[in-house]
Amino acid sequence: MREKTKTRKKVADKLKSKKSYLQTAYLGRFPYNLVNSGNLAKYSQLLTNFDFIEAKINHPEFGVQSLIADYYLLDDAEVLTHPEYNDEKVKALKLIQGALRLSAYILNQDKTQLAEQFWGRMQCLKMPEIKAMLEQAKQSKTTWLRPVTNSLTPPGGGVLRTFGGHSSWVNAVAVTPDGKQAISGSFDDTLKLWNLATGEELFTFGGHSSPVTAVAVTPDGKQAISGSNDDTLKLWNLETGAELKTFKGHSSAVTAVAVTPDGKQAISGSNDDTLKLW
């Protein structure tokens with residue numbers, strides 16, 4: 001425990017004393033350098049250190065996703081079989097990474113919520129590394145509303161990430177064939193394209209004048225077609241965000257759409273009691 005306390009103090013001192021370019025190098029490369037040199041004990045201590053986590057999230061060149069990527073260094077087979085490592089250490093780091101993924105959409109809006117997000121998601125966990133990190137997070141704040149129970153979705157369950165951006169109900173969603181992106185349609189009259197690995201919003205498609213109720217992706221993953229309560233369908237370019245075509249013919253809301261396997265045709269269903277082939 002004394003060794004961990006010394007390590008935390010050293011990290012805090014380094015972050016305070018380094019010049020800006022040295023701090024950038026430290027935050028950006030140090031986790032990789034530790035893994036590359038086989039110093040996994042210090043790597044584990046670094047990524048359970050609240051000061052390091054907070055500094056990397058707040059640094060203008062990094063942020064939440066860059067920090068999340070540091071934990072993926074664990075996936076290297078040589079790391080997982082290293083004698084310094086054990087299942088509990090791996091689990092603790094993966095749970096912290098999971099908490100960061102779940103909190104990313106909040107932290108991208110307000111980085112000051114880091115301590116609250118950690119406490120709200122992980123205070124039920126009994127691992128010493130996580131308990132020490134939460135205590136460090138508590139000490140980092142003078143006045144704050146600290147959750148006294150697990151009030152947020154904890155890591156390690158079925159939910160991996162939350163995508164926040166729509167301003168109303170989400171009615172439809174489709175995933176690209178490569179599994180890397182998803183497109184959502186909402187009652188806010190828009191569609192949004194998401195990077196599933198990072199949670200980044202890639203495009204917002206605005207063109208419908210009423211809620212989007214259906215969406216399908218072409219087999220090549222390059223286009224999507226959406227149906228709306230404005231009685232139309234629209235074809236979108238997923239690589240550029242451009243609206244390519246509008247299909248008119250239904251006399252009521254379009255509620256369903258599907259694309260043929262060759263990507264050349266689409267069929268839509270509507271509240272006007274018809275289907276139409278396009």
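The values are calculated or read from the model by the stated rules, or taken from the named source; none is laboratory data. Keep in mind the model is a prediction, meaning the values are calculated, not measured. Here the Cβ positions follow ideal geometry from the backbone for every residue, glycine too, while neighbour counts run over all protein chains shown.
The single residue among 157, 206, 179, 120 that is closer than 21 Å to residue 103 by Cα, of a type in the set (Gly, Ala, Ser) and outside the structural domain of residue 63 (by TED's automatic domain parsing) turns out to be 157. Here residue 273 does not fit the description of being closer than 21 Å to residue 177 by Cβ and of a type outside the set (S, T, N, Q).
Summed over the stretch 224-278, the residues that are touching a Lys or Arg at 6+ places or on another chain (Cβ under 8 Å) and among the small types (Gly, Ala, Ser) give a count of 5. None of 199, 263, 227, 269 is of a type in the set (Gly, Ala, Ser), out of contact with any strand residue (DSSP E or B) (no Cβ under 9 Å at 6 or more places or on another chain) and surrounded by 14 or more Cβ atoms within 10 Å (Cβ to Cβ) except 199.
To keep it simple, each residue is scored yes or no on (1) part of a strand (DSSP E or B); (2) free of Cβ contacts under 8 Å to residues at least 40 places away in the same chain; (3) of a type in the set (Asp, Glu); (4) loosely packed, with under 14 Cβ neighbours inside 10 Å.
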site	(1), (2), (3), (4)
136	no, no, no, no
155	no, no, no, no
162	no, no, no, yes
178	no, no, yes, yes
188	no, yes, yes, no
192	yes, yes, no, no
205	yes, yes, no, no
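The residues on offer are 234, 222, and the sole one that is basic (Lys, Arg) and closer than 30 Å to residue 64 by Cβ is 222.
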